[in-house]
Amino acid sequence: MTNIYDLAVPGVQKLIPYKPGKPIEELERELGLTRIIKLASNENPLGPGKKALDAIHATLPQLTLYPDGNGFSLKQALAGKYDVKPSQITLGNGSNEILELVARAFLTSELEVVFSQHAFAVYPIVTQAVGAKAVVVPAVNYGHDLDAMLQAVTEKTRLVFIANPNNPTGTLLDQVSLQRFIEALPETCLCVLDEAYYEYVENAHPVDSIDWLKKYPNLLITRTFSKAYGLAGLRVGYGLSSPEFADILNRVRQPFNNNMLALAAAEAALSDTEHLQRTIAVNAQGMRQLTDGFRALGLEWIPSHGNFVSVDLKQPGQPIYEALLRKGVIVRPVANYEMPNHLRISIGTQAENQIFLEALTAILGHV
């Protein structure tokens with residue numbers, strides 16, 4: 001009989017799918033636990049704001065209709081917020097879809113993609129899926145080595161992925177170094193600046209990348225409503241670029257890739273500055289709480305500018321991860337990022353953070 005795997009395109013045949021954080025329902029089924037907290041997927045512990053929830057409720061009677069396939073209202077809101085034209089915006093089913101659209105639109109098996117070690121797992125996935133060659137540049141202190149990445153760019157390099165802040169390490173590139181890097185790229189090399197955690201960056205470390213769009217037509221900035229805006233379950237992301245770049249992406253974008261509730265909620269969330277500021281404050285407090293707890297346990301961590309922190313356990317992280325699961329705490333092992341001794345912890349509420357720290361303390365005391 002024909003092996004169905006042999007019929008798949010070469011890049012897909014050996015592809016390892018992205019593995020998300022373990023769902024709460026799955027752990028409930030496996031262990032029968034009644035109290036479970038999830039600190040694995042960098043979700044907003046406060047959930048969506050009231051404006052977003054009200055917008056969802058108001059939109060429910062219209063669900064028999066298709067959504068606006070162009071996302072007119074949300075694009076208008078985003079254009080007003082960032083002082084760009086609606087033609088510069090591409091809407092995605094999460095910013096993850098924007099990354100895939102770039103790969104589908106611009107990569108072939110003859111081309112190369114440059115990204116950093118310890119960078120977001122979707123970069124190698126979309127690269128391999130279309131058959132392009134991945135060039136992984138070793139990290140420095142768990143962050144991007146921009147000089148080495150620039151040296152890795154050749155005439156075959158069509159795309160560079162940069163996550164800022166980076167996931168899962170939380171490292172942040174400064175504005176001067178990052179702009180210098182983009183400036184040095186050849187015009188034939190596209191730069192995707194993944195800013196999924198942009199809202200969490202403190203004012204002391206600003207990276208104002210939107211203005212760069214006026215100067216670099218090969219730049220695409222991706223952002224999302226899944227993190228700070230608390231809408232991960234609705235899957236809304238967007239790309240900001242030149243109109244020409246966006247036009248290419250929209251040619252391969254599926255119609256109605258954003259559902260009606262997602263469009264309405266995202267537009268409302270964009271104006272809910274009170275909820276966003278509360279989210280940022282809770283995250284800052286939670287980051288201090290977790291890092292103080294790590295310090296008390298004698299553990300080191302990677303300083304993070306996101307809504308998560310990766311802690312170095314100085315031993316394999318998988319057994320600790322599994323022990324935490326048995327205590328009803330879901331975090332994220334990151335051995336697939338070449339960080340086998342680390343666990344990535346999403347910032348939760350004060351109570352959730354405390355439950356995790358108490359569970360970790362008990363486990364380490366028995367290892």
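The values are calculated or read from the model by the stated rules, or taken from the named source; none is laboratory data. Here the structure is a predicted model, which means the values were calculated and not measured. Cβ atoms come from the backbone with ideal geometry, glycine included; neighbour counts cover every protein chain shown. Accessible surface is based on the protein model in full, side chains and every heavy atom, while ligands, DNA and RNA are left aside. Shrake-Rupley method; radii C 1.70, N 1.55, O 1.52, S 1.80 Å.
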Rounded to the nearest 500, what is the chain's calculated 222 nm mean residue ellipticity when only DSSP H runs of at least 4 contribute -39500 (n - 2.57) each, over all residues?
-> -11500 deg cm²/dmol
What number, in percent, do you get for the relative contact order of the chain if the mean sequence gap of Cα pairs under 8 Å and at least 6 apart is divided by its residue count?
-> 24
Rounding to the nearest 20 debye, state how big the charge dipole of the chain is about its Cα centre with +1 on each Lys and Arg Cβ and -1 on each Asp and Glu Cβ.
-> 520
If you roll a 1.4 Å probe over the chain with all protein chains in place, what percent of the accessible area is carbon or sulfur?
-> 53
Cβ crowding within 10 Å averaged over residues, with 161-169, 294-302 ranked highest first | 161-169, 294-302
Relative packing of 251-257, 326-332, which averages over residues the other C-beta atoms within 10 Å, highest first | 326-332, 251-257
Extension length gain for A296 and S87 (0.36 nm per residue less Cα distance), in nm, is 70.1 nm
May I ask you to order 234-243, 28-37 by the average number of other C-beta atoms within 10 Å around their residues, highest value first?
-> 234-243, 28-37
Anisotropy class of segment 23-173 from Cα gyration tensor, a/c 1.5 cut | oblate
Surface per residue (accessible, 1.4 Å probe) for the chain, Å² = 47
Full extension between T108 and V176 adds, at 0.36 nm per residue less the Cα distance, a length in nm of 21.3 nm
Listed residues G230, V201, L219: farthest to the positive end of the dipole of segment 141-285 (Cβ charges) | G230
Computed over segment 180-255, the relative contact order (Cα-Cα under 8 Å, seq sep at least six) in percent reads 28
Using alpha-carbon positions, the gyration tensor of segment 161-229 gives root eigenvalues a ≥ b ≥ c; with a/c under 1.5 called rounded, otherwise prolate if a/b exceeds b/c, else oblate, the class is prolate
Rounded to the nearest 20 Debye, what is the dipole magnitude of segment 42-177 about its Cα centre when Lys and Arg each give +1 and Asp and Glu each give -1 at the C-beta?
-> 340
Between the alpha carbon centres of segment 7-51 and segment 161-229 the gap in Å comes to 26
One would report the antiparallel percent of DSSP beta bridges in the chain, rounded to the nearest 5, as 50
Residues in segment 88-125 that a label on A8 would reach, taking backbone N under 14 Å of a point 7 Å out along Cα→Cβ | 125
Of the listed pairs K133/K314; K75/K156; K75/K215; K81/K133; K51/K327, which have alpha-carbon separations greater than 28 Å here?
-> K133/K314; K75/K156; K81/K133; K51/K327
Options (i) 18.6; (ii) 17.6; (iii) 20.3 are given for mean projected area of the Cα convex hull in nm², and the computed one is (iii)
